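Working notes for the structure below.
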């Protein structure tokens with residue numbers, strides 16, 4: 001008691017070094033080093049040794065486009081599937097709840113690679129869809145389940161008091177979800193969705209086994225003809241790294257903007 | 001239980017002891033290329049090329065060991081020394097000769113065009129604007145890429161391309177003629193057919209690929225291939241696996 005009156009120095013307890021703050025210099029510089037290194041190598045290597053490196057850069061660009069197409073189409077579809085699944089998982093309707101839970105259980109238990117093969121080759125006997133569409137369906141089917149869990153966690157993170165308040169104000173269940181819970185949950189949901197987006201972009205490299213001409217496929221085609229395996233995969237890795245570095249920065253900026261309540 | 005285990009160990013030691021007496025050559029093979037090299041129902045790697053190398057080994061005194069390796073990257077593995085040679089229906093081309101050494105040719109091959117049973121296409125020229133599949137990094141795929149106006153599509157395995165042709169995602173497949181015959185005349189005989197043999201203007205032959213400058217292995221393999229040809233064993237193998 002006496003301490004308070006005599007004005008002993010206040011002890012500050014922070015997060016410590018284990019949880020770096022986004023503004024942290026160390027974090028910034030790691031990202032900058034990676035970005036500058038990647039861009040530097042992507043420019044210097046083709047200049048110094050144009051024979052394989054510049055050729056590779058000329059060979060793969062249409063693959064980058066395909067990778068983006070597959071990623072954006074898959075994530076859009078996965079978001080819709082995820083939202084429905086997430087709502088199904090918290091639904092009081094037993095049928096929808098069971099259906100959504102079953103979907104999540106089944107999809108999470110099967111490796112993405114197997115799912116890709118399954119949807120492309122096994123279902124190809126019955127439904128004829130173009131290769132890219134099959135790849136998108138497979139990716140969205142898999143990531144929809146992951147997204148469903150993200151949505152469920154986000155919705156659950158909103159205090160039940162909000163629902164009670166909303167209901168007591170005369171909103172029905174649908175309105176409560178639409179105008180009360182989801183707008184708030186979105187802030188919790190966005191960062192993991194961003195991570196899933198980047199993870200999905202990287203996982204699209206798997207669709208190269210389905211003969212979809214993405215970055216990796218184009219690289220493999222180049223390597224199989226020129227036998228420059230080391231050079232090709234170096235460039236492929238750098239291109240993926242550049243894309244994910246830029247995207248991760250975009251997502252962390254977006255995250256930062258949305259965190260009104262945690263701003264110091 | 002213990003006794004049988006011990007017996008197995010001793011048996012293995014004796015077997016390996018005998019094998020050590022002669023040189024072992026490790027061949028990489030992409031066993032997805034029936035009837036040249038493939039995995040049979042008993043999970044053994046079998047086929048024309050495999051039997052050919054076994055016969056060559058008996059003649060020249062080496063023990064071939066086959067390692068099932070994915071085609072994409074098979075040449076990279078040879079360069080990095082994961083195996084001594086590639087016995088996987090590798091056509092001898094000028095480009096490949098720059099990266100590796102080849103044995104004497106052991107089989108002459110042509111590129112066949114496979115289409116759906118109802119298709120009227122007779123050559124790659126008839127398939128302008130259509131999708132044609134082949135296995136990545138094969139001479140068949142290079143032929144598709146060289147053809148004007150055709151959309152090339154590369155697959156990891158030829159079987160996947162055949163399946164896509166079977167369900168109608170692509171319009172044709174190009175691959176080596178014995179493999180084409182195996183798929184079009186046996187496996188998918190109700191849905192696919194061989195449209196024609198593609199004229200590339202040059203003779204294409206299979207050879208055993210070895211690392212550049214690895215003359216020890218190359219000489220042994222060449223001696224074996226020569227003996228197999230001299231004794232006419234290759235004709236028997238052709239009858240057995242290809243039926244001609």
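What do you get for the angle between helix A:25-48 and the principal long axis of chain A? Use alpha-carbon atoms, 0 to 90 degrees, nearest ten.
10
Where the centre of each part is set by its Cα atoms, how far does segment B:205-225 sit from segment A:128-176, in angstrom?
Using only Cα atoms, the two centres lie 61 Å from each other.
Using square roots of five times the C-alpha gyration tensor eigenvalues, list the equivalent-ellipsoid semi-axes of segment B:27-88 in whole Å, biggest first.
One finds semi-axes of 18, 16, 8 Å for segment B:27-88.
Run through all the Cα pairs of segment A:127-176 and give the fraction in each 5 Å bin from 0, expressed as whole percent.
The calculated distribution, bin by bin, is 5, 17, 14, 14, 12, 10, 9, 8, 7, 4, 1.
Which residue, A:96, A:141, A:126, tops the fluctuation ranking in a GNM of chain A built on C-alpha contacts under 10 Å?
Ranking A:96, A:141, A:126 by mean-square fluctuation puts A:126 first.
So what's the back-of-envelope 222 nm ellipticity for the protein assembly as shown, counting only DSSP H runs of four-plus at -39500 (n - 2.57) apiece and dividing by all residues, rounded to 500?
After summing the helix terms and dividing by the residues of the protein assembly as shown, the value is -18000 deg cm²/dmol.
Over segment B:109-198, calculate the relative contact order: mean separation of alpha carbon pairs under 8 Å at least 6 apart, over the residue count, as a percent.
Relative contact order, segment B:109-198: 45 percent.
Over all residues in A:203-210, what is the mean tally of Cβ atoms on other chains that come within 10 Å of each residue's Cβ?
Per residue, the number of nearby Cβ atoms from other chains is 2 on average.
Could I get the Rg over Rh figure for segment B:109-198? Both from C-alpha atoms, Rh via Kirkwood, rounded to two places. Before the final figure, lay out each step's value.
Details: Rg = 11.1 Å, Rh = 12.3 Å.
Rg divided by Rh gives 0.90.
Relative to the longest principal axis of the C-alpha atoms of chain B, give the angle of the C-alpha long axis of helix B:158-167, reported between 0 and 90° and rounded to the nearest 10°.
For helix B:158-167, the angle is close to 30 degrees.
Can you report the principal axis dimensions of segment A:82-165 using only the alpha carbons, biggest first, rounded to whole angstrom?
52, 21, 20
Over all alpha-carbon pairs in segment A:59-253, figure out the percentage whose distance exceeds 19 Å.
Percent of Cα pairs beyond 19 Å in segment A:59-253: 65.
Go ahead and set up a Gaussian network model of chain A, Cα springs under 10 Å, then flag whichever of A:33, A:137, A:155 fluctuates most.
Answer for the Gaussian network model of chain A: A:33.
Mind checking A:227-237 for the average number of partner chain beta-carbons within 10 Å of each residue's beta-carbon?
Averaged over the peptide's residues, the number is 2.
In the Gaussian network model of chain A, springs joining C-alpha atoms below 10 Å, which of A:185, A:78, A:135 carries the largest mean-square fluctuation?
A:185
Roughly what % antiparallel, to the nearest 5, for the DSSP beta bridges in segment B:109-198? It would help to have the intermediate numbers written out before the result.
Details: 11 of 18 bridges.
Here the antiparallel bridges make up roughly 60 percent for segment B:109-198.
For chain B, treating each Cα as an identical point scatterer without solvent, what Debye log10 I(q)/I(0) comes out at q = 0.13 1/Å?
-0.82
Report, in cubic angstrom per residue, the convex hull volume of the C-alpha atoms of segment A:205-264.
Per-residue hull volume (Cα only) is 95 Å³.
Other chains near B:28-34: what is the mean number of their Cβ atoms within 10 Å of each residue's Cβ?
0
Of all the C-alpha pairs in the protein assembly as shown, what % are more than 37 Å from each other?
Tail of P(r) above 37 Å: 47 percent of Cα pairs.
Using alpha carbons only, how many degrees (0 to 90, rounded to 10) separate the axis of helix A:94-108 from the longest principal axis of chain A?
So the inclination is approximately 40 degrees.
Rule-based calculations on the coordinates, nothing more; no lab input. The structure displayed is predicted, hence computed values, not measured ones. With ideal geometry, Cβ positions are generated from the backbone for all residues, glycine too; neighbour counts draw on all protein chains shown.
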